[in-house]
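The values are calculated or read from the model by the stated rules, or taken from the named source; none is laboratory data. The model shown is predicted, which means the values in this text are computed figures rather than measured ones. Areas reflect the complete protein model, heavy atoms only, side chains present, ligands, DNA and RNA absent. Shrake-Rupley method; radii C 1.70, N 1.55, O 1.52, S 1.80 Å.
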Amino acid sequence: MCVIICVEDGDYPSKATLKSAESMNSDGGAIAWLNKDGTKSYRKGLKASKVWKLIQRQLKPHGIKTAIIHF
């Protein structure tokens, strides 16, 4: 079953929540986000740990507050 997590106002899920979502559908994850300039970006074929790292290293430091995560 697919799991969708909507992120608004920079309220990202915890690492444990991402792991739990991945355990419900281990076929691979993806994350899409809205950049500050209004453009969209995404990464797919990710494990929960890679989604977590992307959030911590790329999205949060750049003030990205809107995203969708899918497993």
>> Below 8 Å between Cα atoms, with a sequence gap of 6+, how large is the relative contact order for the chain in percent?
In response: 49
> Within straight cross-link reach of LYS19, meaning Cα distance under 27 Å, which lysines are found once same-chain residues fewer than 8 apart are removed?
Replying inline: LYS40, LYS44, LYS47, LYS50, LYS53, LYS60, LYS65
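Express the accessible area of the chain per residue in Å², computed with a 1.4 Å probe while the remaining protein chains stay in the model.
Numbers: 4660 Å² over 71 residues.
Value returned for the chain: 66 Å² of accessible area per residue.
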> Among (i) 23, 15, 11; (ii) 20, 12, 10; (iii) 20, 19, 11, which is the computed semi-axes √(5λ) of the Cα gyration tensor in Å?
Replying inline: (ii)
>> For the chain, take the longest principal axis of its alpha carbons; what is the angle in degrees between that and the long axis of helix 15-24, to the nearest 10 within 0 to 90?
In response: 50
>> In whole percent, and with a 1.4 Å probe on the protein chains, what portion of the accessible area of the chain is carbon and sulfur?
In response: 52
